[in-house]
Amino acid sequence: MLLPLLALALKATSLSWAAYWTIISSPRALSSYRVTLTGALIATVWNAIYGLLMAWVLVRYAFSGRRLLDALMDLPMALPTAVAGIALTTLFAPKGWFGHLLSPLGIKVAYTQLGIGIAMAFTSAPFVVRTVQPVLEEIEPEIEEAARTLGAGSLTILWRILWPAIFPAFLAGCALSFARSLGEFGAVIFIAGNLPLKTEITALLTLIRLEEFDYPAATAIASVLLIAAFLMLALTNAVQLYSLRHGEHSR
Amino acid sequence: MRPDMPGRPARVGDGPVARRVLIGLACLLTLAFLVAPIALIFTQALAAGPEGYLRAITDGDTLHAIVLTLTTAAIVVLINMLFGLAAAWALSRFRGPALLLVVIELPYSISPIVGGVMYLLLYGNQGLFGPWLAAHDIRLMFTPAAIILVTLFITSPFVARELLPLMQAQGIDEEEAALSLGAGFWRTMTDVTLPNVKWALLYGAILCTARSIGEFGGVSVVSGNVRGQTNTLPLQIELLYNDYNATGAFAAATTLTLLALATIGAKMLLERRRTA
């Protein structure tokens, strides 16, 4: 497990600092970071909203088909990313089911930044739902009843009781969703169009450098992705720790 | 406004309007966001009629890719079950450094592409072990062995992270009891430890299977993409799609989609069992 990591670190440090810097700050690399980060941001914002809605509906209401809806939440995890990629691209192509509805409105999704965001959103969809759901389930009805007898309105209960309770979990879900989006590859490369400087993500640039047998450049760019993953891992761990502590305080 | 019912005050969002709007919105968004892609895969695959579908799915290279993918998954899942069991057992019985936990979770958070690059730098021609492997005439990169190795790396956390919390919660009392009653190590393992964690183990194995069947990024770095030789099913789908063979690509995709749906079904059944 550590050996592959070591190999990457060795290869990356065999480059001089100046050479390393030139590779990772080239315009093409910089643009790929921008495309990747923007895509991940779009995906996370969408999933924050969608995830909250789904968690709320699945926990608070009983209706026929709820179990099915609940099971569907795992679909993006189970479906191979390449399959998701070709399906989303065909859906949003100008003649696709969604594309032909959107193109008269002047909205282009396939082969644009928006498409990259949507592909990332699909593959990281379960995170917010699955982190918020258990927390929302644990909130006792008595707390809300007590607040209501004390004269609190729905908005006050929502804002002062429910939101603070789920916020740490919500934050953790968003962080996971963002992290997954940064590393996403399979679903994105089909819908992205992959134009250098425009819609090329960092993971793809790594692969392109490999196919050119430019191993130093591939290694340098891969190391940037790796460092980003480490940072996100540290961040999610910090958020989860915070949410644990917060949970203990409110109990 | 809903009139107050005696005894039970309404919870937030229990009003009939809020309820209907929110459930409707949730169903609509899920339909467009998650169900439409699945429906599209099947309509596209069957667009050329049932014969066209059959022809596409029985194409030699596609069949080979299916076999390679399934064999890879079988080997990977088996090894990961053993590894996950050993790792979770060791981590819950002995106090290891916290770093070990992070290392086990690492493949979960790094991009599969980066995972592939790591293995290339380790075992490739110019890699750390490259010269040694070449001297012994072992070629690893761009062979099915490389595909298995990378898939193993990427899916390694799945079993361990399902087992670890459970094994930690169960503690060692039962194992100690068995040992003190004279059961040997293996007897304790098969009669006490394993039955206690079987559902979690199965659950981890299911997640691991789904992930290894669909693995794309890491495998595409190390496979070499030789049709009919080292092309896994997701890679074969990419090739067909880029050849503008939509029917072929979507037909191959239906097999993976059915496997994904089966995974979800199995997960649902297991969850019902675990809570029952």
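The values are calculated or read from the model by the stated rules, or taken from the named source; none is laboratory data. Please read all numbers here as calculations on a predicted model, not as lab measurements. Note: ideal-geometry Cβ built from the backbone for every residue, glycine included; neighbour counts use all protein chains shown. The protein model used for the area step is the full one, side chains on, heavy atoms only, and it has no ligands, DNA or RNA in it. Shrake-Rupley method; radii C 1.70, N 1.55, O 1.52, S 1.80 Å.
What the table shows:
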item: Within the stretch B:131-190, helices (runs of 4 or more DSSP H) holding 3 or more residues that are under 21 Å from B:LEU106 (Cα atoms); result: B:144-155, B:157-170
item: Conditions (1) modelled with pLDDT under 90; (2) away from chain B (no Cβ under 12 Å); number of the one not met by A:LEU158; result: (2)
item: Answer residue from the stretch A:73-94, given it is surrounded by fewer than 24 Cβ atoms within 10 Å (Cβ to Cβ) and not in a helix (DSSP H, G or I) and is nearest to the other protein chains (Cβ to nearest Cβ) among those; result: A:ASP74
item: In the stretch A:176-222, the residues that are touching a Ser or Thr at 6+ places or on another chain (Cβ under 7 Å), hydrophobic (A, V, I, L, M, F, W, C) and open to solvent by less than 10 Å² (accessible area, probe 1.4 Å); result: A:PHE185, A:ALA187, A:ILE191, A:ALA192, A:ILE201, A:ALA203, A:LEU205, A:ALA218, A:ILE221, A:ALA222
item: Close pairs (8 angstrom Cβ cut-off, 6 or more residues apart or separate chains): more than 14 Å from B:ARG211 (Cα to Cα) in the stretch B:67-82, outside any helix (DSSP H, G or I) anywhere; result: B:LEU68/B:THR230; B:LEU68/B:ASN231; B:LEU68/B:THR232
item: Subset of the stretch B:265-276 [more than 9 Å from chain A (Cβ to nearest Cβ) and either hydrophobic (A, V, I, L, M, F, W, C) or not in a helix (DSSP H, G or I) (or both)]; result: B:ALA266, B:LEU269, B:LEU270, B:ALA276
item: Test result for B:ALA90, in contact (Cβ under 8 Å) with a residue 40 or more places away in the chain and within 24 Å of the chain's Cα centre (by Cα); result: no
item: The stretch B:194-211: number of residues that are among the aliphatic types (A, V, I, L, M) and within 12 Å of chain A (Cβ to nearest Cβ); result: 3
item: Qualifying position, being buried (at least 23 other Cβ atoms within 10 Å of the Cβ), more than 10 Å from chain B (Cβ to nearest Cβ) and at pLDDT 95 or above, among A:THR38, A:THR44; result: A:THR44
item: Subset tally (residues that are open to solvent by less than 20 Å² (accessible area, probe 1.4 Å) and of a type in the set (Asp, Glu)) for the stretch B:209-251; result: 1
item: Some residue of the stretch B:234-244 being of a type in the set (D, E, K, R), out of contact with any Leu (no Cβ under 8 Å at 6 or more places or on another chain) and within 14 Å of chain A (Cβ to nearest Cβ); result: yes
item: Those residues of the stretch A:108-147 which are at pLDDT below 90, open to solvent by 60 Å² or more (accessible area, probe 1.4 Å) and aliphatic (A, V, I, L, M), in sequence order; result: A:ILE143
item: Residues (of a type in the set (Val, Ile, Thr) and surrounded by fewer than 17 Cβ atoms within 10 Å (Cβ to Cβ)) located in the stretch B:42-65; result: B:THR43, B:THR58
item: Residue that is in contact with a helix residue (DSSP H, G or I) (Cβ under 6 Å, 6 or more places away or on another chain) and open to solvent by 60 Å² or more (accessible area, probe 1.4 Å), where the choices are B:TRP186, B:TRP132, B:TRP199; result: B:TRP199
item: Unmet criterion (only one of (1) surrounded by fewer than 19 Cβ atoms within 10 Å (Cβ to Cβ); (2) free of Cβ contacts under 8 Å to residues at least 40 places away in the same chain; (3) aliphatic (A, V, I, L, M); (4) within 8 Å of another protein chain (Cβ to nearest Cβ)) for B:ALA262; result: (4)
